[in-house]
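Some notes on the structure that comes next.
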Amino acid sequence: MKTPNIDNLYDVSARFTQYHVSPTCAPTRAALMTGHHSNRAGVWHTVNGRSLILDRETTIAQVFKDNGYATGIFGKWHLGDNYPFRPEDKGFEEVLVHSGGGVEQALDYWDNDYFNDTYKHNGELKKFEGFCTDIWFDNAKKYMAENQKNNKPFFCYLSTNAAHTPYFVEKKYSDPYENNENIPNAAFYGLISNVDENIGKLVEYLKEIDLMDNTILIFSTDNGTSAGAKIEKGGDRLDGFIGKGYNAGMRGIKASMYEGGHRVPLFIHWKDGGITTGKDINELTAHYDIAPTLVDLCGLEVKEI
């Protein structure tokens, strides 16, 4: 696996080596958004209505908005597609998302397939040209530049669906991993390569528009690997030991109760805040720590509930 741009970010970030999330995506995203455990936020599954964030929950986007920040989301929401659960109902002013938990799912626009798809832009369906991850990043960069021009601070939740099923990606990204007996899914690795490429472009863009130094840049994922590693033959499909692929020596994959299901990367970089050199932080941390940490770092006021 080659991820040079994520590696570069790793080298200049605080890295949390014992950072844990929920074993699946929607619960993790609820905890990130609220600073509460996902169960408290009402999200403990990805389907059957169990991914709808409770109306009573205040999101970090709402807190930033109340403190004068612009707020935007680009990519995956997966906490509800109808009122009062939509991102625009939960504090986001600029919204560009697919529906459901992934592109091509039943809740998403008919026949979306990662390329030239139709997404929801501020409540209206709109067709976009290009690959989904590129679209999220490109529109997020435009959003950042616009707010910089208006001299307004912003909160940008750039939340990719990749690397999620279906595993569709341009061959130039997956070809390097084809016909390799150690790789269980070349397209999955290709999707990550595309994310890595976009992270590199984002960092360079922030430098170009003079925002890199005073932007808190956070990189993480929402659960353990789904197709980057394969359970050994005869093992439990979720909780078994890895027989093929890479999983940092951890047992289990996405949805597992073992570390392979919920221990994931977390990097934070902020030059003007003094977070500029590679440093491992080994204390136990979790997804619901992110929102209150941002409140502290940005000096935000939180309304009494």
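The values are calculated or read from the model by the stated rules, or taken from the named source; none is laboratory data. In this text, all values refer to a predicted model and were calculated from it rather than measured experimentally. All Cβ positions, glycine included, derive from the backbone under ideal geometry; neighbour counts span all protein chains shown. In case anyone asks, the SASA skips ligands and DNA or RNA and just uses the protein heavy atoms, side chains included. Shrake-Rupley method; radii C 1.70, N 1.55, O 1.52, S 1.80 Å.
Would it be correct to say that Gly102 is open to solvent by less than 10 Å² (accessible area, probe 1.4 Å) and touching a residue at least 24 places away in the same chain (Cβ under 8 Å)? Against the criterion (open to solvent by less than 10 Å² (accessible area, probe 1.4 Å) and touching a residue at least 24 places away in the same chain (Cβ under 8 Å)), Gly102 qualifies. Just to be sure, is Thr118 of a type in the set (Ser, Thr, Tyr) and within 17 Å of the chain's Cα centre (by Cα)? No: the conditions fail for Thr118.
Inspect region 124-140 for any residue being surrounded by fewer than 16 Cβ atoms within 10 Å (Cβ to Cβ) and closer than 25 Å to Met212 by Cβ and give the result as yes or no.
For region 124-140, residues surrounded by fewer than 16 Cβ atoms within 10 Å (Cβ to Cβ) and closer than 25 Å to Met212 by Cβ: present.
Taking region 226-249 as the range and being under 11 Å from Pro184 (Cβ atoms) and either touching a residue at least 24 places away in the same chain (Cβ under 8 Å) or assigned to a loop (DSSP other than H, G, I, E, B) (or both) as the test, the residues that pass are Ser226, Ala227, Gly228, Ala229, Lys230, Lys244, Gly245, Tyr246, Asn247.
Okay, residues lined up against (1) farther than 25 Å from Lys65 by Cα; (2) in contact with a Pro (Cβ under 8 Å, 6 or more places away or on another chain); (3) open to solvent by less than 70 Å² (accessible area, probe 1.4 Å); (4) not charged (D, E, K, R):
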site: Val95; (1), (2), (3), (4): no, yes, yes, yes
site: Leu107; (1), (2), (3), (4): yes, no, no, yes
site: Thr118; (1), (2), (3), (4): yes, no, yes, yes
site: Met144; (1), (2), (3), (4): no, no, yes, yes
site: Lys149; (1), (2), (3), (4): no, no, no, no
site: Phe155; (1), (2), (3), (4): no, no, yes, yes
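Take the residues in region 250-274 that are part of a loop (DSSP other than H, G, I, E, B), more than 17 Å from Arg15 (Cβ to Cβ) and out of contact with any helix residue (DSSP H, G or I) (no Cβ under 7 Å at 6 or more places or on another chain), then tell me which one is least open to solvent (accessible area, probe 1.4 Å). In this case the residue turns out to be Ser256. For Gly49, indicate whether it is farther than 26 Å from Ala187 by Cβ, open to solvent by 20 Å² or more (accessible area, probe 1.4 Å), at pLDDT below 95 and more than 20 Å from the chain's Cα centre (by Cα). Here the answer is yes, as Gly49 does meet what is asked.
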